[in-house]
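Since the structure comes first, as structure tokens, the remarks are kept for the end.
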Amino acid sequence: VEACNIHPDEDTVSDPRPASPPPASRDALALAVDVGGTTLAAGLVDAHGRVHRRGTRPTPVADAGGAATVTGALLDLLDDMVATAPDGRELVGVGLACAGPLDAVAGTVSPVNIPAWRAEPLVDHVGDHLGLGMVYLVNDAIAMTVGEHGCGAATGEDNVLGVVVSTGVGGGLVLDGDARLGPSGNAGHVGHTVVELDGEPCPCGGRGCVETRASATAMVRDALRRGWVPRGGSAGGVADGRALATAAAAGDPVALAAIDRGSHALAAGIMSAAALVDLDLVVVGGGFAAAGDLLFAPLQRHVDALRGLSFLERLRVVPAALGPDAGLVGAGLIAHRRWPAPSRRASSA
Ligand SMILES: [Zn+2]
């Protein structure tokens, strides 16, 4: 696969339509979708991982039973994307990345951070609504890992853990050169490995998971508990990961300590995964990776402190290269490669 070349402004670049339709295989586009607890994103992605169109919507905060509200917002976004598809360019299918857990065989999703969706038949909804060909459902962190492996920070690497640090903590694996899904499509979920035996309850139902310490949500909660007051304070400062990073950048010791504790837990999860499957590289993305060295400096320090076995010495930890597009790129590549087997084959295609 050629190196990615993201074109955020391609919408406005003139692209004269060829006189005759191009060969479908060369110019075909995939409809890529990345469903997160905060943002619904969609785009049109070519076989080289280039994003040609993109759009986002906030994920609706629906009450229990409000599954249709969230699904409806997503289908609206997909309609917009399909409407912008350039004439003459075949849509090969849908790559559907979703926050986990999910059941890739049944085509259903139950994202920890989208409570309105439990066993939501997302593959059927999307396939029925669009009447498009193949629909491929993958965990969003696996999609991010496929994107970074295909044309980002992990290009050419054979043994990779991709980590998403955001509302939660997700993960995906590439081993011996191939992305691994596991039978249910949830392999590599490092966020729910346990780092604290008597730790806090996790939204997943477990206890002491990496996510309870290292998600942006958890680090913010930790800082608030220890007296951090977000900028604006009682006048209405928003306590989120961005505000925490801003405070840390300004030298706020409570914010810095919260990120340090979170990165320590993340390092423990990473090193456990590395010991288990013999990794070369860890790529860290997700919204909170935008904190840059504020996250990566303590993370590197804790990783180094936990290295023991000789085969862990070569492990490198690097920031993701594709930014917020990584999940879309990966979802698009998955649809182009027709891999893994689609959760749904359109009966009409
Ligand atoms: Zn958990």
Being touching an Asp or Glu at 6+ places or on another chain (Cβ under 9 Å), under 21 Å from Val174 (Cβ atoms) and surrounded by 18 or more Cβ atoms within 10 Å (Cβ to Cβ) narrows Leu299, Leu281 down to just Leu281
Filter pass, Glu157 being touching a His at 6+ places or on another chain (Cβ under 9 Å) and surrounded by fewer than 19 Cβ atoms within 10 Å (Cβ to Cβ):
yes
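Which of the residues that make up segment 143-184 are within 14 Å of the chain's Cα centre (by Cα) and more than 15 Å from Cys209 (Cα to Cα)?
Within segment 143-184, the first condition is being within 14 Å of the chain's Cα centre (by Cα), and the residues that meet it are 143-149, 152, 161-173.
Across segment 143-184, the qualifying residues are Ala143, Met144, Thr145, Val146, Gly147, Glu148, His149, Gly152, Leu161, Gly162, Gly172, Leu173.
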Residues in segment 39-77 that are surrounded by fewer than 21 Cβ atoms within 10 Å (Cβ to Cβ), under 27 Å from Gly168 (Cβ atoms), hydrophobic (A, V, I, L, M, F, W, C) and out of contact with any Ser or Thr (no Cβ under 6 Å at 6 or more places or on another chain) total 7
With criteria (1) part of a helix (DSSP H, G or I); (2) at pLDDT 95 or above; (3) basic (Lys, Arg), Arg314 comes up short on (1)
Note on Ala265: of the conditions (1) assigned to a helix (DSSP H, G or I); (2) more than 16 Å from the ligand (Cβ to nearest atom); (3) within 17 Å of Leu161 (Cα to Cα), unmet is (2)
_Tell me whether segment 219-233 contains one or more residues that are within 16 Å of the ligand (Cβ to nearest atom) and on the phi > 0 side of the Ramachandran plot._
no
Residues of segment 237-285 being of a type in the set (A, V, I, L, M, F, W, C), under 20 Å from the mean Cα position of the chain (by Cα) and at pLDDT below 95, in sequence order, are none
Only one of Ala247, Ala216, Ala187 is touching a Phe, Trp or Tyr at 6+ places or on another chain (Cβ under 8 Å) and within 16 Å of the ligand (Cβ to nearest atom), namely Ala216
> Regarding Leu137, is this residue more than 24 Å from Arg242 (Cα to Cα), in contact (Cβ under 8 Å) with a residue 40 or more places away in the chain, away from the ligand (no atom under 14 Å from the Cβ) and in contact with a Cys (Cβ under 8 Å, 6 or more places away or on another chain)?
Replying inline: yes
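Here's a check for you: in segment 167-182, which residue that is more than 10 Å from the ligand (Cβ to nearest atom) and touching a residue at least 40 places away in the same chain (Cβ under 8 Å) is farthest from Thr155 (Cα to Cα)?
Of everything passing the filter in segment 167-182, Thr167 is farthest from Thr155 (Cα to Cα).
Yes/no per residue for (1) modelled with pLDDT under 95; (2) surrounded by fewer than 18 Cβ atoms within 10 Å (Cβ to Cβ); (3) on the phi > 0 side of the Ramachandran plot; (4) not in a helix (DSSP H, G or I):
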position	(1), (2), (3), (4)
Glu148	no, no, no, no
Leu161	no, no, no, yes
Gly170	yes, no, no, yes
Val174	no, no, no, yes
If we ask which residues in segment 49-92 are in contact with an Asp or Glu (Cβ under 6 Å, 6 or more places away or on another chain), over 21 Å from Gly127 (Cα atoms) and of a type in the set (A, V, I, L, M, F, W, C), their number turns out to be 1
**Asked** Quick one: would you say Glu120 is among the acidic types (Asp, Glu), in contact with a helix residue (DSSP H, G or I) (Cβ under 9 Å, 6 or more places away or on another chain), at pLDDT 95 or above and surrounded by fewer than 20 Cβ atoms within 10 Å (Cβ to Cβ)?
**Response** no
Note on segment 192-225: residues more than 20 Å from Leu299 (Cβ to Cβ) and in contact (Cβ under 8 Å) with a residue 12 or more places away in the chain are Glu200, Pro203, Cys204, Gly206, Arg207, Leu224
Among Ala83, Ala68, the single one that is modelled with pLDDT of 90 or more, under 21 Å from Leu328 (Cβ atoms) and over 22 Å from the mean Cα position of the chain (by Cα) is Ala83
Gly205 meets each of (1) outside any helix (DSSP H, G or I); (2) over 18 Å from Gly287 (Cβ atoms); (3) under 25 Å from the mean Cα position of the chain (by Cα); (4) more than 16 Å from the ligand (Cβ to nearest atom) with one exception, condition (4)
Cβ pairs under 8 Å, 6+ apart or interchain, first in segment 65-92 and over 15 Å from Gly131 (Cα atoms) and touching a residue at least 24 places away in the same chain (Cβ under 8 Å), second among the charged types (D, E, K, R) and assigned to a helix (DSSP H, G or I), ordered by first then second residue, are Thr84/Asp11; Gly88/Asp27; Arg89/Asp27
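The values are calculated or read from the model by the stated rules, or taken from the named source; none is laboratory data. Everything quoted here is computed from the prediction, not taken from an experiment. Backbone-built Cβ (ideal geometry, glycine too); neighbour counts: all protein chains shown.
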